[in-house]
Amino acid sequence: MLPERLRRVVELFAMLPGVGEKTAQRFALFFAGEAAGFAEELGHELAALASHVRPCERCGSLADVSDGQAVCAICRDNRRDPRLLCIVHRIQDLLAIERSGAMRGRYFVLGRLLSPLDGIGPDQLPLTRLFERIREDGVTEVILATPPSVDGEATALLLARELAAQSLRLTRIASGVPHGGDLEFADQVTLGRAIDGRRSMG
Ligand SMILES: [Zn+2]
């Protein structure tokens with residue numbers, strides 16, 4: 001029913017996380033209709049994104065590399081305590097914790113969680129980079145803020161085990177974020193309390 005080119009656009013939109021067939025179709029029709037100027041701007045910005053925004057070399061969040069920086073704004077912020085390191089699964093989780101205002105340290109983004117069923121073992125986690133970071137920054141406390149899901153808890157346990165030999169305080173965010181829940185969708189107050197009420201893991 002739809003022109004071939006438009007069908008392709010629907011297919012591409014449907015590849016986006018959380019976008020189903022119907023939404024993809026609605027987006028495509030929107031761009032094919034009144035929003036031609038917007039389509040051009042969006043296309044331009046998306047194409048330019050990769051050359052301006054890259055993963056931060058230190059934490060795995062995103063850095064604006066247009067001005068030659070390879071390190072993100074949080075890692076460059078001297079008012080933050082480099083000895084306090086919060087480990088999160090995804091950048092969305094970092095952003096959610098930032099919104100809570102409860103974190104005065106810095107972050108490390110794992111990018112993935114331990115997930116034996118999906119074939120993701122300890123070797124697929126950026127542990128070497130994490131240890132380097134802990135050593136270089138003289139980290140004294142690591143907050144494990146992986147989500148309270150099966151994979152998130154397994155990852156926290158693995159990290160606790162791997163870091164046990166180092167002389168640092170290991171803490172886990174407090175419950176309050178519902179089990180299996182997504183940090184991204186927890187409200188700021190709950191997330192702030194989860195950070196403030198973190199407990200030692202041994
Ligand atoms: Zn960074």
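Derivation of every value follows stated rules applied to the coordinates shown; laboratory data play no part. The model shown is predicted, which means the values in this text are computed figures rather than measured ones. Using ideal geometry, Cβ is built from the backbone for each residue, glycine included, and neighbour counts are taken over all protein chains shown.
Overview of results
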{"read-out": "Dipole magnitude of region 77-200, debye to nearest 20 (Cβ charges: Lys/Arg +1, Asp/Glu -1, about Cα centre)", "value": "420 debye"}
{"read-out": "Full-stretch length increase - VAL189, ASP118 - with 0.36 nm per residue and alpha-carbon distance subtracted", "value": "22.3 nm"}
{"read-out": "Value of Rg/Rh across region 77-200 [Cα atoms, Kirkwood radius]", "value": "0.93"}
{"read-out": "Sorted largest first, extent of region 1-109 alpha carbons per principal axis (Å)", "value": "59, 28, 20"}
{"read-out": "Under 5 Å, built H, 5+ apart or other chain: amide partners of TYR107", "value": "CYS86"}
{"read-out": "Residues GLN69 and ARG8, FRET efficiency given R0 of 25 Å [Cβ-Cβ distance, rounded to 0.05]", "value": "0.10"}
{"read-out": "Length added when fully stretched, SER200-ALA174, from 0.36 nm per residue minus Cα-Cα", "value": "8.4 nm"}
{"read-out": "Neighbourhood net charge (13 Å Cβ-Cβ; Lys/Arg +1, Asp/Glu -1) for ALA48", "value": "-3"}
